[in-house]
Structure formats: structure tokens, C-alpha cells
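The values are calculated or read from the model by the stated rules, or taken from the named source; none is laboratory data. Every value quoted in this text rests on a predicted model; they were computed, and no experiment measured them. Note: ideal-geometry Cβ built from the backbone for every residue, glycine included; neighbour counts use all protein chains shown. When the accessible area is computed, the model is the full protein with side chains, heavy atoms only, and any ligands, DNA or RNA have been set aside. Shrake-Rupley method; radii C 1.70, N 1.55, O 1.52, S 1.80 Å.
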Amino acid sequence: LVSVFKLLYATQPDIEARIGVGPEELGVATALQAFEDADLNHDGKISFAEFKRWYQLGGGATMDSISNQVSTEVTLDVVRELTGLPQWDVTEVIELFASAASSNGLLDQAAFNQCFRRLVEVTGDPDH
């Protein structure tokens, strides 16, 4: 997510001043909040059921929380656009995250972040 926010800031130079934080802080805060919201039992891992629920809900609590903490400039719509999530079918996202899960079907934070990096890398693909 840091890369996404760096790109946004590079293409819109005034946005960092409006948002009030740098791309690194915004990316890290967004990822941490997303993981916290998805990990319902707070065991430090995301089960398939937890991820599916979080994704189907659009990660709304996560993104709204970040929006409220950082600035009114960062809305859920902006974050969705930047991450490219609306371009992905739910099944594709679930398969990506399932492939990164442990044999117990859990994701740690590193695997979660890696999956999001993959989603962002291919966001420009017209098939996604």
C-alpha cells in the first residue's frame, strides 16, 4: 500500500499536505488497521472465514477508520480505487489469499501484506 500512496502523492503533489501524513505512514496504518479488523479473534492470524467476511464487507470498517484518523481527504472510495479491489472478483481474491495461507488456513501479517502487494501490482491489468 505504501507504493500505491507514493504513486498517488507523486501524481498529485498537493495531496500529502491535504492528508497530513506521508505515504509510508498512510500505507502502514492502512495495512495494520485492515489486519486488525479482519482478525476477529485477535490471535494474530487471519482464518479463511475471517478474511472472507472482511473482504465481503469491503474492508469498510478498516478504511473508514483510517479515513477518520488521517483526514477527510482519504475516503473509502479513494482507498478502494487506489488498491484496485473493486476490479477483482471475490473468488479471485479469496483464491489469492488462500494460496498464501498456512496449512491451517491462516494468514499472518506478512502473508496478508504480500497478497495486497500482489493485488496492487496487477491492478492495471484490464482483466482485473
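Of note:
- Condition check for Glu36: open to solvent by 40 Å² or more (accessible area, probe 1.4 Å), among the acidic types (Asp, Glu) and either closer than 19 Å to Gln114 by Cβ or touching a Pro at 6+ places or on another chain (Cβ under 7 Å) (or both): yes
- When Arg80 is tested against the conditions (1) modelled with pLDDT under 85; (2) within 13 Å of Leu1 (Cβ to Cβ); (3) part of a helix (DSSP H, G or I); (4) open to solvent by less than 60 Å² (accessible area, probe 1.4 Å), the lone failure is (4).
- Test: residue in segment 90-111 that is closer than 12 Å to Leu1 by Cα, open to solvent by 20 Å² or more (accessible area, probe 1.4 Å), modelled with pLDDT under 85 and not in a loop (DSSP other than H, G, I, E, B): no
- Positions within segment 36-77 being at pLDDT 75 or above and polar (S, T, N, Q), in sequence order: Asn41, Ser47, Gln56
- Cβ pairs under 7 Å, 6+ apart, first in segment 36-47 and free of Cβ contacts under 8 Å to residues at least 40 places away in the same chain, second not in a loop (DSSP other than H, G, I, E, B): Asp37/Trp54; Asp37/Ala61; Asp37/Thr62; Asp39/Ile46; Asp39/Glu50; Leu40/Glu50
- Candidates are the residues of segment 12-23 that are open to solvent by less than 90 Å² (accessible area, probe 1.4 Å) and not small (Gly, Ala, Ser); the one that is farthest from Ser102 (Cα to Cα) is Asp14.
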